């Protein structure tokens, strides 16, 4: 399984607007996506009020690629959120089950 960590830094002053997108659009979309085993959305904390994240566990690299395409190492965002986002990062790991 593949663990995908996606982090977003919103533009200053766009936290509330991105928060609505995150809760109303992004979380339901990811939770309903074929090939995802688990979705762990992370909302901002007081010491990092502009940072949002997702930790996603995918069945396989093929399942991830079926959703985002072969360029899975680039952080893809919805066009609706592009004007709200200052920076984004994406990391992938092989999931270690203990």
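Only the coordinates and a few stated rules stand behind these numbers; no lab work does. Fair warning: this is a prediction, and the values are worked out from it, not measured in the lab.
Observations
- Where the Cα pairs of the stretch 2-94 fall when distances are cut into 5 Å bins, in %: 3, 14, 26, 26, 17, 10, 3, 0
- Rounded, prolate or oblate (a/c below 1.5 giving rounded, otherwise prolate when a/b exceeds b/c) for the stretch 1-42 by Cα gyration tensor: oblate
- Largest GNM mean-square fluctuation across 75, 46, 12, computed for the chain with C-alpha springs under 10 Å, falls on 46.
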